[in-house]
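Below is one structure, written out as structure tokens; the observations come after it.
The values are calculated or read from the model by the stated rules, or taken from the named source; none is laboratory data. Source: prediction; values computed, not measured. Here the Cβ positions follow ideal geometry from the backbone for every residue, glycine too, while neighbour counts run over all protein chains shown. These area figures cover heavy atoms from the full protein model, side chains too; ligands, DNA and RNA do not enter into them. Shrake-Rupley method; radii C 1.70, N 1.55, O 1.52, S 1.80 Å.
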Amino acid sequence: MRISLHGTGDGIRVRMRLEVNRRRWLALQIMLGILTAQAFIIGAWAVCAPHSWYTSFPGFGMQWISMDGPYNHHLASDVGAFFLAVGAFTAAALYFMDSLLARVAGLGWLVFGVPHLIYHTFHHPDGMSGVSYGLSIAAAIALPALGLACILVAPRERRPVPELAPFTLRFPRRGGSSRTRPPR
């Protein structure tokens with residue numbers, strides 16, 4: 001707990017901050033934010049422009065999906081819809097700041113991410129460079145790692161402990177006289 005005192009003309013302003021799991025909540029917000037952003041970006045791209053997503057994902061001149069088999073519009077759109085759905089649930093956990101929702105979102109990312117990582121670890125497309133393959137493995141590791149971290153980092157309490165409202169301790173005035181100084 002942090003207590004700050006600020007002197008006023010007639011008393012002291014007291015503010016107390018309960019630092020119950022503050023760092024855990026901050027870390028959880030950052031992880032959920034990363035997962036939400038990447039889910040919405042990938043999902044919107046795959047739903048709105050599935051062929052573009054297929055030919056140029058993840059961008060930056062790399063092509064990870066097109067090297068792995070023929071284009072399938074239905075599959076590409078479904079992958080986008082999946083990412084949007086998981087992103088929506090992760091965004092809800094972030095918006096409501098509920099540790100139970102965050103754990104469930106983390107579990108969803110973990111369940112998706114482990115088979116995804118296993119596939120990419122043991123399947124190296126022929127036309128993919130070593131650098132591109134290494135980056136794809138790193139990205140595949142990030143999803144279950146962030147999901148597991150959300151499960152482990154989420155605090156026990158479901159919601160952050162609210163801050164106490166600041167208050168002022170007022171000092172009583174001296175005597176009944178209207179004078180503030182004694183006469184000389």
| task | Could you figure out which of (1) open to solvent by less than 40 Å² (accessible area, probe 1.4 Å); (2) of a type in the set (G, A, S); (3) farther than 29 Å from I65 by Cα isn't true of A165? | result | (1)
| query | Of everything in region 128-151 that's crowded, with 16+ Cβ neighbours inside 10 Å and polar (S, T, N, Q), which residue is modelled with the lowest pLDDT? | reply | S132
| Scan of region 15-42 for residues that are assigned to a helix (DSSP H, G or I), open to solvent by 70 Å² or more (accessible area, probe 1.4 Å) and either out of contact with any helix residue (DSSP H, G or I) (no Cβ under 7 Å at 6 or more places or on another chain) or at pLDDT below 95 (or both), ordered by number | R22, R23, R24, L26, I30, I41
| message | Condition (residue is assigned to a helix (DSSP H, G or I) and under 23 Å from I151 (Cβ atoms)) applied to region 43-61: is it met by at least one residue? | response | yes
| field | Whichever residue in region 56-74 is over 27 Å from the mean Cα position of the chain (by Cα) and open to solvent by less than 50 Å² (accessible area, probe 1.4 Å) and, among such residues, is farthest from G134 (Cα to Cα) | value | G69
| note | The condition from (1) more than 18 Å from A37 (Cβ to Cβ); (2) open to solvent by 40 Å² or more (accessible area, probe 1.4 Å); (3) free of Cβ contacts under 8 Å to residues at least 40 places away in the same chain; (4) assigned to a helix (DSSP H, G or I) that S77 misses is numbered (2)
| field | P160, sole failed condition from (1) over 26 Å from W45 (Cα atoms); (2) open to solvent by 60 Å² or more (accessible area, probe 1.4 Å) | value | (2)
